[in-house]
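The next block holds one structure in the form of structure tokens; read it before the comments.
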Amino acid sequence: MALGDPSRREILRLLGAEDLAVGEIAESMPISRPAVSRHLRLLKDAGLVAERAEGTRRIYQLQAQGLEAVQAYVQGVWGEAANRFGLVAENTHD
């Protein structure tokens, strides 16, 4: 999964604050620029980020539709788990 790697999660966190070029992202991370590019390609393929050209630079930004899909998935999984936990808590006596 695209969010299984901590570097990709950090890239999404950085892009949550502002749109950034590959070099700007790499400056903020302990991995190489080529590694950042590979992570960005995977995030782009997953629909989580988009890129646009500004001169010779590629600027990356969060892709709302992809993030909404992830949010819906997480809410579905954890929402159901929370419901089950609530049922257990309600039916457990001291």
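Every number in this text was worked out from the coordinates using simple rules, so none of it is lab data. All values derive from a computational prediction rather than experimental measurement. In this analysis, Cβ positions are derived from the backbone assuming ideal geometry, glycine residues included, and neighbour counts consider all displayed protein chains.
Packing order of peptides 18-27, 74-83, 42-51, highest average first: 42-51, 18-27, 74-83 (average count of other Cβ atoms within 10 Å over each peptide's residues).
The residue among Gln75, Ala26, Gln63 whose Cα reaches farthest toward the positive pole of the charge dipole of the chain, with charges on the beta-carbon of Lys, Arg, Asp and Glu, is Ala26.
Sequence gap at least 6, Cα distance under 8 Å: using those rules, report the relative contact order of the range 45-94 to the nearest whole percent.
Details: 27 pairs, mean separation 12.8, N = 50.
Once normalised by length, the contact order is 26 percent.
Here the chain is assigned +1 on the Cβ of each Lys and Arg and -1 on the Cβ of each Asp and Glu. Its dipole about the Cα centre then comes out at about 460 debye.
Taking 0.36 nm per residue of separation and subtracting the Cα-Cα distance, full extension of the segment from Arg57 to Glu90 would add 6.3 nm. From the alpha carbon centroid of the range 22-50 to that of the range 51-78 is 12 Å.
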